Every structure is written in structure tokens, then in C-alpha cells.
Amino acid sequence: MLSQGLFTSAYMKLLSSIRSVGGVPCEKNPDLWYPEDFDDPEMRHRATVVAKGICYECPIKKECFEYALSTRQKHGIWGGTSPDER
């Protein structure tokens, strides 16, 4: 289990990166980055493809991916990767 301090530190680092670039697309429509929440398999697939495509262009993709790894994110698209890819 992650300590609260490690989680908070990782989150603050990610938040700082987000603010340094003036925000990121996943803040505006976060549901898209959690395709497993869609019941319809086609919608789940489409959401995954769209989210990963948007992540590809994100200026903090690396920081987001590192956050997902360090906090062991088991859901969602982080840094352009799905849980299985992490």
C-alpha cells in the first residue's frame, strides 16, 4: 500500500506539471479517460482510442505516466497507456 505522503507528493508534482502548461484536455472531460466505466464495448473501445490519441499530443504525457506508475493506478488512461500496458 502507498503511504499518504508518497501519494500526496506524486499528486502535487503532477498538478504542478499540469499548471505549468496551463491545463490539459483530460481535466475538461475526465470520463473519457476512464473507458472501463462504459458498459458498451464499442464505446469503451472508442473512448480508449480517443483518449490515447489526445494523450499522444499532451505536453506532460511523461509526467502523467510516471504518476500512474508511482501511484499504481489500476484504472483509466494515464500517460497514453491503459492499465494492462502499465
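The values are calculated or read from the model by the stated rules, or taken from the named source; none is laboratory data. These numbers were taken from a predicted model, which means no experiment stands behind them. Please note: Cβ atoms are built from the backbone with ideal geometry, for glycine as well, and neighbour counts cover all protein chains shown.
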Worksheet item: How many residues does the range 6-57 contain that are basic (Lys, Arg) and over 13 Å from the mean Cα position of the chain (by Cα)?
Response: 4
Worksheet entry | Single condition Gly53 does not satisfy, out of (1) under 19 Å from Ile18 (Cα atoms); (2) not in a helix (DSSP H, G or I) | (2)
Worksheet item: Is it true that Lys62 is surrounded by fewer than 17 Cβ atoms within 10 Å (Cβ to Cβ), over 10 Å from the mean Cα position of the chain (by Cα), modelled with pLDDT of 95 or more and part of a helix (DSSP H, G or I)?
Response: yes
Practice prompt. State all residues of the range 65-81 that are free of Cβ contacts under 8 Å to residues at least 40 places away in the same chain, of a type in the set (Gly, Ala, Ser) and outside any helix (DSSP H, G or I); if no residue qualifies, say none.
Written response: Gly79, Gly80
